[in-house]
Amino acid sequence: MSWLRISASEALTLLAQDDATVFDVRDSAAYQAGHLAMDRIPAWSKRLNKDAPVLVYCYHGNSSQEYAQMLADFRFNRVYSVDGGFAALLDAGAALA
């Protein structure tokens with residue numbers, strides 16, 4: 001199974017419609033400086049539903065593609081990497097407000 005690149009606005013729509021697991025793959029300093037309110041990183045000991053959506057974002061949308069591929073390699077079926085990363089998500093969220 002493969003993963004998909006989606007826009008920030010598509011990512012926000014997905015989050016509003018579905019119970020997606022969200023992975024912020026930036027470093028901890030960037031995460032502490034700001035992150036999505038709905039960030040959820042479940043304990044690794046808990047099994048994730050491989051059919052549930054997994055949304056991955058990073059700084060600009062490059063590193064998240066590598067993580068998305070890794071999750072797809074582990075047979076997660078609905079993996080999405082956000083083009084433009086965290087800044088694009090903020091901009092898309094502001095446009096909706």
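For the chain, hydrophobic long helices are taken as DSSP H runs at least 15 Å long by C-alpha position along their axis with mean Kyte-Doolittle hydropathy of 0.0 or more; these are 85-96. Taking all protein chains as shown and a probe of 1.4 angstrom, ASP51 keeps an accessible surface of around 90 Å². Taking 0.36 nm per residue of separation and subtracting the Cα-Cα distance, full extension of the segment from THR13 to ASN62 would add 15.6 nm. Rolling a 1.4 Å probe over the protein heavy atoms of the chain, with every protein chain left in place, gives an accessible area that is 54 percent carbon and sulfur.
In angstrom, the C-alpha Rg and Dmax of the chain are 12.5, 37.
When the chain is modelled as a GNM with alpha-carbon springs shorter than 10 Å, which of VAL25, VAL54, VAL79 fluctuates the most? Top of the fluctuation ranking is VAL25. Exposed loop sites, defined as trypsin sites (Lys or Arg not before Pro) outside DSSP H, G, I, E and B with at most 10 other Cβ atoms within 10 Å, are absent from the longest region of the chain, namely 1-45. Computed with a 1.4 Å probe over protein heavy atoms only, the accessible surface of the chain comes to 60 Å² per residue.
Sum -39500 (n - 2.57) across every DSSP H segment of at least 4 residues in the chain, then divide by the residue count to get the 222 nm mean residue ellipticity, nearest 500. Result for the chain, helices only: -11500 deg cm²/dmol. The longest stretch of the chain left intact once loop-based chymotrypsin sites (Phe, Trp or Tyr not before Pro) with at most 12 other Cβ atoms within 10 Å are removed from consideration, loops following DSSP, is 1-43.
The values are calculated or read from the model by the stated rules, or taken from the named source; none is laboratory data. In this text the structure is predicted, and so the values were computed from the model without any measurement. A quick note on method: Cβ atoms are made from the backbone with ideal geometry, for glycine too, and the neighbour counts reach across all protein chains shown. All accessible areas refer to the heavy atoms of the entire protein, side chains included, with ligands and DNA or RNA removed. Shrake-Rupley method; radii C 1.70, N 1.55, O 1.52, S 1.80 Å.
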